[in-house]
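To start, the structure itself, in structure tokens.
The values are calculated or read from the model by the stated rules, or taken from the named source; none is laboratory data. Just so we're clear, the structure is a prediction, and the values are computed from it rather than from any experiment. Neighbour counts are summed over all protein chains in view; Cβ atoms, including those assigned to glycine, are modelled from backbone coordinates with ideal geometry.
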Amino acid sequence: MTLGLAVEGKSVVKIFGSIRALDGLDLTISEGEIYGLIGPNGAGKTTCLRIISTLILPTSGTVKVFGLDAVKDAGEIRKIISYLPEEAGAYRNLSGIEYLEFMARFKTGNREETDRMVTEAAEVSGLGDRLRDRAKTYSKGMKRRLLVARALMSKPKLSVLDEPASGLDVMHTYHVRETIKRFVKEHGVTVLLSSHNMLEVEHLCDRVALLNKGKLVIEGRPQDLKQQFSSSNLEEVFAKVVGFA
Amino acid sequence: MIIVPLLMFPVLGAIMSFSVHTAQEKAATATTLILNNDAGGNYSDLFISFVKTSLKVYVVNNTTPEQALAQNLLSRYNSTYFLEIPQGFTANMTQRLNMNNTTVTASVNFYVVFSGGGAFENIGTSLIDNSVSQFNRYLAPDVLAIQKSAIIKGEIERRVDPSALSTLMVSQAIAMPVTIMILLTYSMQIAATSVAMEKEEKTLETLLTLPVDRFAILMGKLAGSVLVAGVGALTYMVGFTFYINSFSSLMSSSAIDLASLGLVPSLLGYLLLGVSLFVTLLSALALAVVLSAFADDVRGAQSLVGYIYPLLIIPALLMIYIDFNSLPTWLRIILFIIPYSHPILASKAVTMGDYPTSVLGIIYVSLFTISIMYAASRLFATEKILTAKLKFKDLWKRGNVEAEK
């Protein structure tokens with residue numbers, strides 16, 4: 001077991017038909033950090049997150065999550081992670097609170113633990129009385145806040161968040177970002193997220209990796225990357241690396 | 001919406017035409033066994049030669065109906081009915097015709113094996129009715145009467161008119177296939193929707209990353225579908241029973257007591273029917289879940305499941321109109337292979353006390369269900385549940401490209 005490493009991917013390849021979504025990706029994420037994946041559309045970010053979340057299998061290469069193999073120990077990994085897909089939904093006929101209860105019961109069989117998780121998630125979501133309404137009445141922002149709360153409520157060792165604030169307005173984006181930050185700080189959860197929003201990544205992540213055409217192009221702390229490429233923000237770094245600036 | 005009616009009505013027409021044709025062919029080629037217990041009588045000879053002009057006849061002298069059954073004469077001559085010319089037939093005919101004694105009635109006894117078959121089962125017996133009425137027309141009106149009895153499960157039930165019995169049983173012959181057909185289509189829709197809804201509502205990915213066994217998710221989906229479909233079926237059957245009873249009560253033939261004739265399934269029969277229905281339901285639901293995994297949304301899943309419907313509808317319709325055992329062997333094999341035929345077959349088999357047929361059906365459908373469940377569990381265990389796509393348009397294109405090569 002590799003101590004101190006939350007995720008370790010070596011030469012990961014994923015092929016869908018004629019498309020090489022990941023092409024020998026190497027990735028290491030330390031325990032307790034917020035790690036961001038950035039890259040253009042089709043760079044392989046979601047594929048990478050899905051492999052780490054045990055949803056799909058790598059074609060070749062190895063992925064370990066807290067020392068557990070993503071292929072052989074998928075069941076064990078699912079116990080210690082949570083995954084929030086980019087386009088995720090909640091069961092439309094359940095109220096927000098019922099949804100949280102339903103999802104909490106997958107994580108623990110203990111009634112008190114379930115109640116604790118739900119209470120905490122309800123607070124984290126910040127949805128107040130609206131949690132008693134059915135999920136189908138929620139706006140996109142409210143639904144995303146509910147889902148982020150669901151992803152964090154079990155205090156997983158690793159939370160994989162695909163575009164956690166995608167398509168949200170400033171208020172909801174701010175709430176989601178602050179929630180993630182606070183949760184990592186308070187509970188030591190490791191977070192792996194992907195985003196198109198460079199500002200979000202810069203403000204939120206300890207380390208960032210830029211993916212392009214299934215390969216990791218550069219990796220480092222946002223501050224270091226900006227210095228390395230003499231750029232004022234990550235957007236410029238991104239443009240220079242991908243080659244359109 | 002456009003193709004289904006265009007296909008279904010011609011298929012329905014073809015089934016009707018095939019069923020009538022098969023029943024007529026069977027009746028025309030069947031041997032009419034005549035038990036002549038008035039051997040040497042002028043009128044019995046006249047009657048036999050009259051029947052011979054239109055039907056294939058085999059005559060056995062001085063044998064009672066009970067003896068004929070004991071000697072397996074029906075199966076020996078591949079027949080399902082026999083006529084008995086009773087003792088004193090010629091004497092009665094002579095009194096009636098030559099002495100004009102109207103108090104005396106000459107009659108022949110007609111015995112028909114009741115097989116619990118389809119709506120066209122009476123075609124064969126109508127040929128005998130025709131022969132008798134033509135004989136009357138030839139000699140004098142109403143000189144010869146026909147007494148009908150049914151042979152049920154190898155026992156002669158005198159004075160139970162097989163035509164009236166068939167008319168009474170036809171309500172069951174229609175009710176069971178229709179109920180089973182609707183139950184299966186309804187439950188397949190639910191099962192297909194349950195997985196496709198997860199995809200459409202974008203909840204499936206989250207569900208698959210939870211610490212719960214994928215097989216348990218599959219079983220949960222099936223259990224939920226079985227429950228909803230079961231409640232649906234129950235309410236449907238209650239409603240349908242009222243509907244059928246409203247007709248049965250109007251029939252004069254309802255004086256026939258089916259229970260005393262042994263035409264109501266026993267407790268074991270009901271149990272076998274229930275098991276048959278359950279395993280078939282499970283196989284249909286598992287198949288619907290597998291198919292829905294290939295769809296992106298609810299509409300797509302419902303369309304895919306729609307391709308299975310002909311396999312539900314055609315056997316049901318076929319067996320409403322015609323007895324399974326009277327079908328050609330190749331068609332019987334096809335119907336046997338289709339798992340959705342088996343509850344319909346079982347419903348008739350248990351009524352007739354033919355338990356081996358229903359047990360064989362249960363074993364076959366169980367094996368079919370296990371293989372489908374295995375396929376479903378494999379699908380749920382891999383990423384194919386997320387990535388698999390099945391588009392018949394693509395398969396069609398691929399087929400054409402390969403054909404061109």
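Just one of the listed residues (A:Arg144, A:Arg177) is surrounded by fewer than 22 Cβ atoms within 10 Å (Cβ to Cβ) and either within 18 Å of A:Leu49 (Cβ to Cβ) or more than 10 Å from every other protein chain (Cβ to nearest Cβ) (or both), namely A:Arg177.
On the given criteria, is B:Thr329 within 30 Å of B:Thr29 (Cβ to Cβ), among the hydroxyl-bearing types (Ser, Thr, Tyr) and not assigned by TED's automatic domain parsing to the domain that holds B:Ser75?
yes
Of the residues examined, B:Ile190 is not one that is assigned by TED's automatic domain parsing to the domain that holds B:Asp323, β-branched (Val, Ile, Thr) and under 22 Å from the mean Cα position of the chain (by Cα).
Candidates in the range A:1-30 are the residues that are hydroxyl-bearing (Ser, Thr, Tyr) and free of Cβ contacts under 8 Å to residues at least 40 places away in the same chain; of these, the one that is surrounded by the most Cβ atoms within 10 Å (Cβ to Cβ) is A:Thr28.
Filtering the range A:88-117 to residues that are of a type in the set (Ser, Thr, Tyr) and farther than 11 Å from A:Met153 by Cα leaves A:Tyr91, A:Ser95, A:Tyr99, A:Thr108. Residue pairs whose Cβ atoms lie under 9 Å apart, sitting 6 or more positions apart in sequence or on different chains, and linking a residue in the range A:104-126 that is within 18 Å of B:Leu207 (Cβ to Cβ) and within 14 Å of chain B (Cβ to nearest Cβ) to a partner that is outside any helix (DSSP H, G or I) and among the aliphatic types (A, V, I, L, M), are A:Phe106/B:Leu210; A:Phe106/B:Val212; A:Lys107/B:Leu210.
Is one or more of the residues making up the range A:66-73 over 22 Å from B:Phe215 (Cβ atoms), touching a strand residue (DSSP E or B) at 6+ places or on another chain (Cβ under 7 Å) and within 10 Å of chain B (Cβ to nearest Cβ)? Outline the logic, then answer.
Of the range A:66-73, the ones over 22 Å from B:Phe215 (Cβ atoms) are A:66-67.
From what's left, touching a strand residue (DSSP E or B) at 6+ places or on another chain (Cβ under 7 Å): A:66.
In the following step, the residues that additionally are within 10 Å of chain B (Cβ to nearest Cβ) were identified as none.
Checked the range A:66-73: no residue is over 22 Å from B:Phe215 (Cβ atoms), touching a strand residue (DSSP E or B) at 6+ places or on another chain (Cβ under 7 Å) and within 10 Å of chain B (Cβ to nearest Cβ).
All conditions but one from (1) under 15 Å from the mean Cα position of the chain (by Cα); (2) assigned to a helix (DSSP H, G or I); (3) of a type in the set (Ser, Thr, Tyr) apply to A:Tyr174; the one that does not is (1).
Taking the range B:299-318 as the range and being farther than 11 Å from B:Gln189 by Cα and among the basic types (Lys, Arg) as the test, no residue passes. Annotation: of all residues in the range A:90-99 being within 10 Å of chain B (Cβ to nearest Cβ) and crowded, with 23+ Cβ neighbours inside 10 Å, the one that is nearest to A:Ala135 (Cα to Cα) is A:Ala90. Only one of the numbered conditions (1) over 30 Å from A:Asn197 (Cβ atoms); (2) touching a residue at least 12 places away in the same chain (Cβ under 8 Å) is violated by A:Tyr83, and that is (1).
Looking at A:Glu33, A:Glu76, A:Glu86, which is the one that is surrounded by fewer than 21 Cβ atoms within 10 Å (Cβ to Cβ), within 18 Å of A:Asp162 (Cβ to Cβ) and within 14 Å of chain B (Cβ to nearest Cβ)?
Numbers: A:Glu33 fails: within 14 Å of chain B (Cβ to nearest Cβ); A:Glu76 fails: within 18 Å of A:Asp162 (Cβ to Cβ).
Being surrounded by fewer than 21 Cβ atoms within 10 Å (Cβ to Cβ), within 18 Å of A:Asp162 (Cβ to Cβ) and within 14 Å of chain B (Cβ to nearest Cβ) holds for just one of A:Glu33, A:Glu76, A:Glu86, which is A:Glu86.
Step by step: first the residues of the range B:168-194, then only those that are under 30 Å from A:Tyr99 (Cα atoms) and more than 14 Å from chain A (Cβ to nearest Cβ), then the one that is surrounded by the fewest Cβ atoms within 10 Å (Cβ to Cβ). Which residue is that? Filtering the range B:168-194 for residues that are under 30 Å from A:Tyr99 (Cα atoms) and more than 14 Å from chain A (Cβ to nearest Cβ), the one surrounded by the fewest Cβ atoms within 10 Å (Cβ to Cβ) comes out as B:Tyr186.
Residues that are β-branched (Val, Ile, Thr): which helices (runs of 4 or more DSSP H) entirely in the range B:265-326 hold 3 or more of them? Outline the logic, then answer.
On the way: elements: B:267-292, B:298-306, B:309-321.
Filter on the range B:265-326 gives B:267-292, B:309-321.
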